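Worksheet for the structure shown next.
Coordinate-derived values only; no laboratory data. Everything quoted here is computed from the prediction, not taken from an experiment. Here the Cβ positions follow ideal geometry from the backbone for every residue, glycine too, while neighbour counts run over all protein chains shown.
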């Protein structure tokens, strides 16, 4: 990932929301476990979406899931490290309820602002910039999306180096960044 | 059961109404995206939860699958909504639109 982090600061916003993993930088490892999990996720999605449990539809699902797994099996787990995979997913699952709670707080805050009679005095929009400590692209993307979802802030721009430009709607929500959420994301992706 | 469904739908409606009012009241493009991007996510979460619970009125496995599909819609909204908001803001920045601030107003 070192080549990724040292990449020059280029303003290419279309690249920021969908990280591309160049196949050259993918570490080689035994990908069997990652493929198995990818297959299981795909197959449960197939069962959920098809809703038919007869042999024909299930075998069709198995065949197509195997094909997809062989073609793009390393997209979900690009590092293909089987060690600690389950633990990191548990950490990520623990991050989701906290995020939901923050989303509800954010919505109540915006709702209060919107219906407030003297709204123009309460809001004070500005663009703030800060440097994030996060390294992995996936955690940067998650952090950017979490910022957009939570109190009064929208990510304007994020680079692969971790430069964040955030539009905040009032002073109170600007002070909260980067703060607690960054460490939560770092813990969820095992960066600490 | 009906009370729960109604409560979910009403709360969702309040959030959607807030989103609409916010888009009308806030001063500029960037601040308008705040209610548009956020109140919609929780509003649709509440609405979809209401529909999913209502769908389970008479419990069958087919109804459970349908409810899970409805929950899946919420998951995809939560993934795509911040990304869409981000790209709209980004388009505004690249077009050179200055954000509205209070300091400019005082001058």
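Key figures
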| quantity | calculated |
| --- | --- |
| Ordering of A:53-65, B:60-72, A:102-114, B:28-40 by packing [mean C-beta count within 10 Å, highest first] | B:28-40, A:102-114, B:60-72, A:53-65 |
| Residue B:1 versus residue A:41: modelled label distance in nm, points set 7 Å from Cα along the beta carbon direction | 3.4 nm |
| Peptide-level mean, for A:46-52, of C-beta atoms on other protein chains within 10 Å | 3 |
| Helix axis angle, B:29-55 relative to chain B longest principal axis, alpha carbon, degrees | 0 degrees |
| In nm, spacing of pseudo-spin labels at residue A:63 and residue A:96 (7 Å Cα→C-beta vector) | 3.2 nm |
| Exercise: per-residue mean of other protein chain Cβ atoms within 10 Å, B:30-36 | 6 |
| Cβ neighbours within 10 Å from other chains - mean over A:162-168 | 2 |
| 0 to 90° range, to nearest 10: angle between helix B:61-94 axis and chain B longest Cα axis | 0 degrees |
| Förster radius 51 Å - calculated FRET efficiency between residue B:91 and residue B:57 (Cβ-Cβ, nearest 0.05) | 0.75 |
| For segment B:1-101: Kirkwood Rh in Å [reciprocal of mean 1/r, alpha carbons] | 15.1 Å |
| Gain on full stretching of the segment that runs from residue B:23 to residue B:101 - 0.36 nm per residue minus C-alpha separation | 26.4 nm |
| Peptide ranges B:45-56, B:1-12 listed from the most packed, as the mean C-beta count within 10 angstrom indicates | B:45-56, B:1-12 |
